[in-house]
1. Tell me, in nm to one decimal, what length is gained between K47 and K15 on full extension, where the rule is 0.36 nm per residue of separation less the Cα-Cα distance?
2. Taking R0 as 35 Å, what's the FRET efficiency between N7 and F73 from their Cβ-Cβ distance, rounded to 0.05?
3. Report the relative contact order of the chain, percent, no decimals, based on alpha-carbon pairs under 8 angstrom and at least 6 residues apart.
4. Quick one: angle between helix 167-176 and the longest Cα principal axis of the chain, in degrees between 0 and 90, rounded to 10, please.
5. Calculate for the chain the 222 nm mean residue ellipticity that helices alone would give, adding -39,500 (n - 2.57) per DSSP H run of length 4 or more and normalising by residue count, nearest 500 deg cm²/dmol.
6. Which entry in [x] 26, 23, 18; [y] 32, 19, 12; [z] 48, 19, 15 matches semi-axes √(5λ) of the Cα gyration tensor in Å derived from the coordinates of this structure?
7. Treating the angle as unsigned and between 0 and 90°, give the value, to the nearest 10°, between the Cα long axis of helix 17-28 and the longest Cα principal axis of the chain.
8. For a quick protection proxy, order the peptides 38-51, 130-143 by their average other-Cβ count within 10 Å, most packed first.
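Throughout, read-outs are computed from the coordinates displayed, never taken from laboratory work. A quick note: this is a predicted structure, and the numbers were derived from the prediction, not measured. All Cβ positions, glycine included, derive from the backbone under ideal geometry; neighbour counts span all protein chains shown.
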Amino acid sequence: MDLYLFNLINGYAGKWACLDAFAVFLAQYFEYVLILVLFGLLALKFKEYCRMAASGFLSALISRFIVTDFIRFIWFRPRPFITNNVNLLVNYNSNEASFPSGHASFYFALSTAVYLYNKKLGLLFYISAFLITTSRIFIGIHWPSDVFYGAVIGIIIGWGGYMISKRKKLTSLFKSF
């Protein structure tokens, strides 16, 4: 199933220059736009978005650099372009493990935290995370299951980060019982 979905998505790569350029932009540069949006919100309304941004970034960093790297340390899965003939649109390090996707875990953790604080903004972040991670399949550097499990890890860690940041409310809730 993983190979089928990969071939379905990556099969469109290399056919239209505009689509390829757009996918490369999404996979490699759009993430910076997302971060700039969050910093822009902090600059405009620091007090309102401070807890959301802190929870989101901390969750994203834990998800990407602790959980994902630990899994990659335990199990090395080669990238699709190593084991298959794919339409690779960028040069990428073949020595880096593919599973789970660090981008998916980072941006879905961030999106989850943002969503739990602000539904409309969070939905935009989720759409952006989906575009970033799907484009990484399109350009040939991730398997669909890498992205799926990276997203699951990110969502779980993002939810946990949100719950910890709201701990005062949880503590008062438990005292009422």
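1. Working: separation 32, 0.36 × 32 = 11.52 nm, distance 4.70 nm.
Once the chain is fully extended between K47 and K15, it gains 6.8 nm.
2. Numbers: r = 29 Å, r/R0 = 0.82.
The value I calculate is 0.75.
3. Details: 266 pairs, mean separation 56.7, N = 177.
Value for the chain: 32 percent.
4. 50 degrees
5. Values: 10 runs with 131 residues, N = 177.
Roughly -23500 deg cm²/dmol at 222 nm, from the helical runs in the chain.
6. Comparing each candidate, only [y] matches the computed number.
7. 40 degrees
8. Details: 38-51: 12.8, 130-143: 24.0.
Listed from highest to lowest mean packing, they are 130-143, 38-51.
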